[in-house]
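A short write-up of the structure that comes next.
What follows is calculated from the coordinates using simple rules that are stated; it is not laboratory data. Remember, it's a predicted structure, so these values are computed and weren't measured experimentally.
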Amino acid sequence: MSAIHFENVSKTSRAGVKGPAAAAWLAILGLPVPDAPNTWLPLEGGLIARLGLSEFLVEGPASAQLAAPISHGVYPVLRQDTALVLKGERLNDLLLETCSVNFLAIDRRTRPALLTSIAGVGVTAIPDGNELRLWCDCTYGEWFIDTLSSVANELI
């Protein structure tokens with residue numbers, strides 16, 4: 001079986017906004033806005049995730065659009081997350097060891113954005129095809145990667 005592959009994508013540009021007018025403001029900027037909370041949409045070279053009713057994460061080139069002047073009811077969210085992409089044949093085994101969410105049971109066609117805990121660290125997780133995108137607080141980053149790598153090595 002193949003190993004689990006970790007790609008640290010923390011240097012990918014990203015930005016966030018929240019507030020009662022955030023969805024309308026993003027639409028004015030020409031960005032697609034996911035209809036339902038805790039869902040995401042692909043963007044060229046990135047994605048936009050709706051985290052709850054009125055908070056959004058934009059990753060990739062489109063995140064530069066969030067540097068536009070903020071309107072009333074829109075507040076910037078500093079995004080300094082550690083960001084990872086995990087993939088490999090044993091990915092589900094790693095998740096079963098470190099997380100209580102059964103990612104195989106999730107309907108990926110709905111493009112879910114999950115807020116959960118992996119190895120005791122709060123994460124935003126987006127299952128996409130055969131990979132999992134994760135964001136966690138950057139203060140946990142090195143420890144989180146080392147811990148997941150250690151568990152993954154035990155699965156080989």
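Miscellaneous remarks
- Fraction of alpha-carbon pairs over 25 Å apart in the chain - percent: 30 percent
- Among L94, L47, L104, the residue with the largest mean-square fluctuation in a Gaussian network model of the chain, with springs joining Cα atoms closer than 10 Å, is L104.
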